[in-house]
1. Any chance the range 109-125 includes a residue that's assigned to a helix (DSSP H, G or I), surrounded by 21 or more Cβ atoms within 10 Å (Cβ to Cβ) and at pLDDT below 95?
2. Would you check if there is a residue in the range 256-276 being without any contact (Cβ under 8 Å) to a residue 12 or more places away in the chain and either of a type in the set (D, E, K, R) or surrounded by fewer than 16 Cβ atoms within 10 Å (Cβ to Cβ) (or both)?
3. Among (1) among the basic types (Lys, Arg); (2) touching an Asp or Glu at 6+ places or on another chain (Cβ under 8 Å); (3) over 30 Å from TYR293 (Cα atoms), there is one condition LYS135 misses while meeting the rest; what is its number?
4. When the residues of the range 137-162 are filtered to those that are surrounded by fewer than 24 Cβ atoms within 10 Å (Cβ to Cβ) and small (Gly, Ala, Ser), which remaining residue is farthest from GLU236 (Cα to Cα)?
5. For residues that are touching a helix residue (DSSP H, G or I) at 6+ places or on another chain (Cβ under 8 Å) and of a type in the set (S, T, N, Q), scanning just the range 226-246, find the one that is farthest from TYR193 (Cα to Cα).
6. Out of all the residues in the range 250-267, is one or more of a type in the set (Phe, Trp, Tyr), within 24 Å of ALA96 (Cβ to Cβ) and not in a helix (DSSP H, G or I)?
7. Which residues, counting only those in the range 181-195, are modelled with pLDDT of 95 or more and surrounded by 15 or more Cβ atoms within 10 Å (Cβ to Cβ)?
Amino acid sequence: MIEKTEFRRLILAANRTSIKRLEMRNKLILVCILLLMALAIYLIYLISKEAQEEKFRDQHVVVGYTYRQALQRQMHANAVASDGVKWSKATRSQIARYLRPEPYYQHSEQKYQFLNLRKPQGISAGKLDELLKGKGILEGQGDAFREAARQSDLNEIYLISHAQLETGKGASELAKGLKVNDKGQLDPDGKTYYNFFGVGAFDHDAVAEGAKYAQQQGWDTPEKAIKGGAQFIAREYLSRDNQYTLYSMRFNPVDPGRHQYATDVMWAHHNARQMAKYYHKLGLEGKFFTRHYYKK
């Protein structure tokens, strides 16, 4: 009887040992599977990151116009220049100075004329608010700029710099809001609309035209004006294959004198300077540049 009991005990002990070994083996298999899955996910991430960086790598683009041909076409594109007091038609020498890109490629500030603007920087709303302090109606709109950049896939530092340039640091009439009636006319009894990027603000009557465009788009809050303006810029310029830098937005080297964002000959120059200051303030450095070269 004792021998049978001992035998059963040994059998049970052996079974328990087998079960423990099986459980241990299963745990090891599970750990190996999880490690392989983690490795696969990491490899996918690396491949995706590499593909993303390939998309935004530095690019050198040779266009189909010589510099002289491009300059001649820009002479007929209604470029203007300011002496700090008034605007006047830009001279040939003024256009030539800012059209030639090579002197600015390695410049500490002006290199930002050639930064690819189609990539959000992932900067927090709080950090963006630091850039907007003392900027009139733009102050405190860091979250709106962050969301606008995310939704439209564009650089938020650029977006803030552009808005500040267009609005005179948030103090222009279009920025502070203008009352417009249902017919798109300025009217003290109308509803207030905002325009932070000069969209539709044609030179012959910039304020009235810009306010009318804002009314047509329903930009009746600063947040709507920021997000709507970003969508316009992304759709009409940055989504194009060769117009996603400040320089190409202003001078459109693949088709000089046509479809250009601004008439101010120094528009890209001013924006680049402001962007450089903000990158420095945030302790960041711009990546991925596209430089256009006129054919020889």
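The values are calculated or read from the model by the stated rules, or taken from the named source; none is laboratory data. Predicted model, so just to flag it, every value in this text is computed and none were measured. No Cβ is skipped: glycine too gets one built from the backbone with ideal geometry, and neighbour counts run over all protein chains shown.
1. No, the conditions are met nowhere in the range 109-125.
2. Scanning the range 256-276, I find no residue that is without any contact (Cβ under 8 Å) to a residue 12 or more places away in the chain and either of a type in the set (D, E, K, R) or surrounded by fewer than 16 Cβ atoms within 10 Å (Cβ to Cβ) (or both), so the answer is no.
3. (2)
4. The residue in question is GLY140.
5. Out of the qualifying residues, it is ASN242.
6. Yes, that holds for at least one residue.
7. Across the range 181-195, the qualifying residues are GLY190, THR192, TYR193, TYR194, ASN195.
Residues are listed down the side, and each one gets a yes or a no for (1) within 25 Å of LYS277 (Cα to Cα); (2) touching a residue at least 60 places away in the same chain (Cβ under 8 Å):
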site: LEU132; (1), (2): yes, no
site: TYR158; (1), (2): yes, yes
site: HIS162; (1), (2): yes, yes
site: GLU173; (1), (2): no, no
site: PHE196; (1), (2): yes, no
site: ALA208; (1), (2): no, no
site: GLN215; (1), (2): no, no
